[in-house]
1. Of all the helices (runs of 4 or more DSSP H) wholly in the stretch 60-173, which have at least 3 residues that are within 16 Å of ligand 1 (Cβ to nearest atom), touching a helix residue (DSSP H, G or I) at 6+ places or on another chain (Cβ under 9 Å) and modelled with pLDDT under 95?
2. Taking the condition of being charged (D, E, K, R), surrounded by 16 or more Cβ atoms within 10 Å (Cβ to Cβ) and part of a helix (DSSP H, G or I), how many residues in the stretch 184-198 meet it?
3. Starting from the stretch 4-19, keep only residues that are within 16 Å of ligand 2 (Cβ to nearest atom) and modelled with pLDDT under 95, then list their pairs with residues that are small (Gly, Ala, Ser) and part of a strand (DSSP E or B) whose Cβ atoms are within a distance under 6 Å, requiring at least 6 positions of separation or different chains.
4. For residues that are assigned to a loop (DSSP other than H, G, I, E, B) and under 20 Å from the mean Cα position of the chain (by Cα), scanning just the stretch 6-33, find the one that is surrounded by the most Cβ atoms within 10 Å (Cβ to Cβ).
5. Quick check on the stretch 219-240. Is at least one of its residues without any contact (Cβ under 8 Å) to a residue 60 or more places away in the chain, within 16 Å of ligand 2 (Cβ to nearest atom) and not aliphatic (A, V, I, L, M)?
6. Could you figure out which of (1) among the aliphatic types (A, V, I, L, M); (2) touching a Leu at 6+ places or on another chain (Cβ under 6 Å); (3) in a helix (DSSP H, G or I); (4) in contact (Cβ under 8 Å) with a residue 60 or more places away in the chain isn't true of LEU176?
7. Give the residue, chosen from ASP272, ASP196, ASP249, ASP280, that is within 20 Å of the chain's Cα centre (by Cα) and charged (D, E, K, R).
8. Based on what the data block shows, is LEU350 closer than 22 Å to HIS268 by Cβ, at pLDDT 90 or above and either outside any loop (DSSP other than H, G, I, E, B) or touching a helix residue (DSSP H, G or I) at 6+ places or on another chain (Cβ under 7 Å) (or both)?
Amino acid sequence: MLPVPRVGIVVVAAGSGTRLGAGGPKAFVGIDRHSILRHALDGVFAAPEAQVVIVVPEGREGDARTEALEASGDRSDLVTVVTGGATRQESVAAGLRALWGDVEIVLVHDAARALTPPEVFSRVVGAIDAGADGAIPVLPVIDTIKRVAGEEIVAAVDRSELASAQTPQGFRRDVLDAAYAAASAEFTDDAALVADAGHAVSAVPGHPLAFKITTAADLDRARHLLAAAPEPASPRVGVGTDVHAFGGDGTLWLAGLEWPGEQALSGHSDGDAVAHAIVDALLAAAGLGDIGTHFGTDRPEFAGAHADAFLGRTTELLREAGWRVGNVSVQVQANRPRFAARRAEAERALSAALGGAPVSVSATTTDGLGFTGRGEGVSAYAVALIAAA
Ligand SMILES: Nc1ccn([C@@H]2O[C@H](COP(=O)(O)OP(=O)(O)OP(=O)(O)O)[C@@H](O)[C@H]2O)c(=O)n1
Ligand SMILES: C[C@](O)(CO)[C@H](O)COP(=O)(O)O
């Protein structure tokens, strides 16, 4: 039974695209061989795991499900598709009604911001986790701004007091639900609606790639950016390290094995430094951040989790990004446990967790030097090779 995500992402894609002038709903216009919606969903599914509610024009629900199946890999169980309304706000409201009861944090994201990098989602969730009622990604205003009356320039506006709002815009679920229930006016974004309900909304750094595809020029810009994006060279290598101190509760888990009679390692998970070093090496090779990006302490489902959970999810993340695991080499630096008799067993366990990719495990001591030599903890160093799937 997979854990229910505590984050819900409402992807609003029900707009008509009038300003784009493509003659149909903007979300289904192609940037390249993929639609605006598909590119948006690729970013959503590379973000921390969430329920994904996709809001689309009436009659396009089936197309949206197809896009979602392709973007979500084998996580289509996280996807709900609903029909939008006449305004963005009505579409968001329809999406909110489809959220699961366990969802505590809601991100509302414009499908039109199709190239938004995953780290923007993480920054917004992090701000809510840090206590904000709401948080939105913003960019500084770079043009000189004027106040106008028709064709008359009335005054200059101090751009240092301004910012350009992007999405995903994130909120505590109870705050957003209450604000939408009380809304008595139309707002162009959810931050304005929540602020009108009396809540403070914080700003986090946005990203230039999170621009909204509104006009034909924006679509050309997106097409040029994707055309210019070089196919990532294959194969690629990554390196990862991890350290954990002894002193944890229960039994030692290391290199995917349980070690009865040995001191346990401490940490948010089971402290398996070997598995965590491999995770960092694989994510580094794929350019997908690091273990904190995807398995931070804000992810309760990984509290106490063992190697198979970490390595299985990492393998999924790589697959979703178009990579497969080539092989991994990892070295443990510790006085205990003694690996010689169980090295092959460890290699089998780690390989199984990586979908069968070959894993070599070696172990060494530091001849009494450093914290590992004093028996205070364990270090692990991993190198990973990945290739285009
Ligand atoms: N009734 C609407 C209107 C907008 N949106 C979504 O809200 C986001 C921002 O809206 P915008 O960029 O204005 O999209 P459109 O409304 O399609 O564009 P236009 O205003 O040019 O018609 C888009 O992802 C759009 O799909 C929506 O879900 N439902
Ligand atoms: C929500 C939004 O993308 C934040 O900048 C923007 O307000 C959408 O505005 P639009 O008028 O619906 O394009």
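1. 61-72
2. 1
3. No pair meets every condition.
4. Here the answer is ALA13.
5. Among the residues of the stretch 219-240, at least one is without any contact (Cβ under 8 Å) to a residue 60 or more places away in the chain, within 16 Å of ligand 2 (Cβ to nearest atom) and not aliphatic (A, V, I, L, M), which makes the answer yes.
6. It fails just one condition, (2).
7. ASP280
8. yes
The values are calculated or read from the model by the stated rules, or taken from the named source; none is laboratory data. The structure displayed is predicted, hence computed values, not measured ones. Reconstructed Cβ throughout: ideal geometry from the backbone, glycine too, with neighbour counts over all protein chains shown.
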